[in-house]
Amino acid sequence: MPIRFPKKNRRNIVRQTPHDDTPVPVGRHSTRVRLRPPRSDWHKRNFLTSVLIPSLFVKRSGEYVPPQFPKIREGQICITWIGHASFLIQTHEVNILIDPIWSKWLKVIKRLKQPGFEIQHLPSIDFVLVTHAHFDHLDRRTLRRVAANQPIVVPTGVGNLVHDLGFHIVHELDYWQTVELGPLKISLTPCHHWGARFLADLHRDFGGFVIASNGRTIFHCGDTAYFPGFKEIGDRFSVDLALLPIGAYDAPTGREVHMNPEQAVRAFLELRAKTLIPMHYGTFPLGFEPLHEPPQRLLAAARAHGIAEKVLVMTEGKPVVL
């Protein structure tokens, strides 16, 4: 049933009813990372002076180029990387936007790579997916501009952050739940991360999305450190395209909150996917590692495992039909 908010609003949140035949793994909440730094000497490196302040004097790279979206045939998928974890996914029937962010700043963190194209060049968007509430994935300013009375899908506990932005309905999913939107089946998968928007709202869930359409399956991992759950995701779904994060692995606090490139290759192998598309690097300086390092390490790890031909490193704003 839709959950109505007590304040003035015109939106509802719909939570999926659990099915008796849907197995939910024991300890489903064990994927939340610990917020306490693992080492007592984590503060010896100063992220402010070594990364954030120098980034303020770096000119943003990239340029806005109007995209040339190709005509998509039935059974094809067109993917356009906007930057960071933002993607436009197109089939011959619908356009899906995942974790859109066009903002130039994350509070005090400067965006160092321009989005692939300006937001007004987006085609009409049918569905929006947001993996969790962090500011670099749930950007309310961008979502408000994208909203055009279409549905949006989020993890449980995130709906109240987007219900007032102009979406027709908010679907909240728990792990392994699926919602059917037009020709799509969208499922939420676990990951190893956390979903708080602020320090006190640890009730918010987080995850990745499996999008199934016309016999093709796309897995957008969201944000995650490596965890054993990739094998289960691969067992439950036959993944064609795996969009996996490879950056921000050298976190300021020393916590393991994002995968490094070698772990992304391991996750890809456990998923048994056909194509690896890296994301979550080169846009915002969120870790100590240089912005150019993640794709270099990814390609080296892929060559070492004999899967270099399965890696597709994308350029922001350039559509690829698969």
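The values are calculated or read from the model by the stated rules, or taken from the named source; none is laboratory data. Predicted, not measured: the structure shown is a model, and the values here were computed from it. Cβ coordinates were reconstructed from backbone atoms using ideal geometry, including for glycine residues, and neighbour counts include every protein chain displayed. Protein only, heavy atoms only, side chains kept; ligands, DNA and RNA dropped before computing areas. Shrake-Rupley method; radii C 1.70, N 1.55, O 1.52, S 1.80 Å.
What the table below lists for this structure:
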quantity: Tabulated pairs, region 71-85, first without any contact (Cβ under 8 Å) to a residue 12 or more places away in the chain and in a strand (DSSP E or B), second open to solvent by 30 Å² or more (accessible area, probe 1.4 Å) and of a type in the set (D, E, K, R), C-beta under 8 angstrom, 6+ apart or interchain; calculated: none
quantity: Tally of residues being over 27 Å from Cys78 (Cβ atoms), modelled with pLDDT of 90 or more and either under 18 Å from the mean Cα position of the chain (by Cα) or assigned to a loop (DSSP other than H, G, I, E, B) (or both) across region 238-285; calculated: 3
quantity: Filter result for Pro115 (in a loop (DSSP other than H, G, I, E, B), touching a Phe, Trp or Tyr at 6+ places or on another chain (Cβ under 8 Å) and open to solvent by 10 Å² or more (accessible area, probe 1.4 Å)); calculated: no
quantity: Filtered residue count, region 185-212, keeping only those that are modelled with pLDDT under 95, open to solvent by 10 Å² or more (accessible area, probe 1.4 Å) and either in a strand (DSSP E or B) or at positive phi (or both); calculated: 1
quantity: Selected residue [closer than 17 Å to Pro67 by Cβ and open to solvent by less than 10 Å² (accessible area, probe 1.4 Å)] from Pro100, Pro123; calculated: Pro100
quantity: Any hit, region 145-154, residues being at pLDDT 95 or above, crowded, with 17+ Cβ neighbours inside 10 Å and within 21 Å of Gly229 (Cα to Cα); calculated: yes
quantity: Subset tally (residues that are over 23 Å from Thr217 (Cβ atoms) and in a loop (DSSP other than H, G, I, E, B)) for region 286-305; calculated: 7
quantity: The one condition in (1) over 15 Å from Ile211 (Cβ atoms); (2) crowded, with 18+ Cβ neighbours inside 10 Å; (3) at pLDDT 95 or above that Gly159 fails to fulfil; calculated: (3)
quantity: Qualifying residue in region 281-303 (condition: polar (S, T, N, Q) and in contact with a helix residue (DSSP H, G or I) (Cβ under 6 Å, 6 or more places away or on another chain)); calculated: no
quantity: Hits in region 214-233 (condition: closer than 16 Å to Ile96 by Cβ and surrounded by fewer than 21 Cβ atoms within 10 Å (Cβ to Cβ)); calculated: Asn214, Arg216, Thr217
